[in-house]
Amino acid sequence: MKVVYKGEDKSLPFLERGKGELGYLKENIEYLVMGIIIKSGKVYFHVDSTPFHNFPVLYNADFFEIIDSRLSSHWIYHKEKDELEITFKEWINVPNAIVKFIDGETGYTHEDGYYLDTYLHFRELLLNEKIN
């Protein structure tokens, strides 16, 4: 799945403008989606923010135009209460895996290597995936 960032909505409160939790994306640039979360009726994309970060950043889907809506054959879905997550099995099997990695929790830091290697592996899979 690929999207183009449309930019922030300055009419909204700062935290809802579409800048994401960490860092900023450039407008009108194509980005790779590495997962989808639907929670309480809102859709969020885990956007590959390379070269800014070595992890996907969660953004509200309202700030993107979908230019390739095909879902990866490597993704699975998991539903729990009011949340549906669609991404790689390895990320779904570890609750809050991305948050643990970003926060540097033991076993999930850049230095530990596993999560970073896994992220880079999945990124490569998505970039090279041929979807019919």
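What the table shows:
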{"read-out": "Qualifying residue in the stretch 75-84 (condition: under 12 Å from the mean Cα position of the chain (by Cα) and of a type outside the set (D, E, K, R))", "value": "no"}
{"read-out": "Any hit, the stretch 31-41, residues being small (Gly, Ala, Ser) and surrounded by 14 or more Cβ atoms within 10 Å (Cβ to Cβ)", "value": "yes"}
{"read-out": "Pair list, Cβ under 7 Å, 6 or more apart: the stretch 23-42 residue without any contact (Cβ under 8 Å) to a residue 60 or more places away in the chain, other residue charged (D, E, K, R) and not in a strand (DSSP E or B)", "value": "Glu27/Lys6; Lys39/Asp82; Ser40/Asp82"}
{"read-out": "Flag for Asp62 being modelled with pLDDT of 75 or more, surrounded by fewer than 16 Cβ atoms within 10 Å (Cβ to Cβ) and touching a Ser or Thr at 6+ places or on another chain (Cβ under 6 Å)", "value": "no"}
{"read-out": "Residue within the stretch 88-97 that is surrounded by 12 or more Cβ atoms within 10 Å (Cβ to Cβ), at pLDDT 85 or above and within 24 Å of Tyr5 (Cα to Cα) present", "value": "no"}
{"read-out": "Residues located in the stretch 35-49, provided they are under 12 Å from the mean Cα position of the chain (by Cα) and hydroxyl-bearing (Ser, Thr, Tyr)", "value": "Tyr44, Ser49"}
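The values are calculated or read from the model by the stated rules, or taken from the named source; none is laboratory data. None of these values were measured; they are calculated from a predicted model. Every residue, glycine as well, gets a Cβ built from its backbone with ideal geometry; the counts of neighbours run over all protein chains shown.
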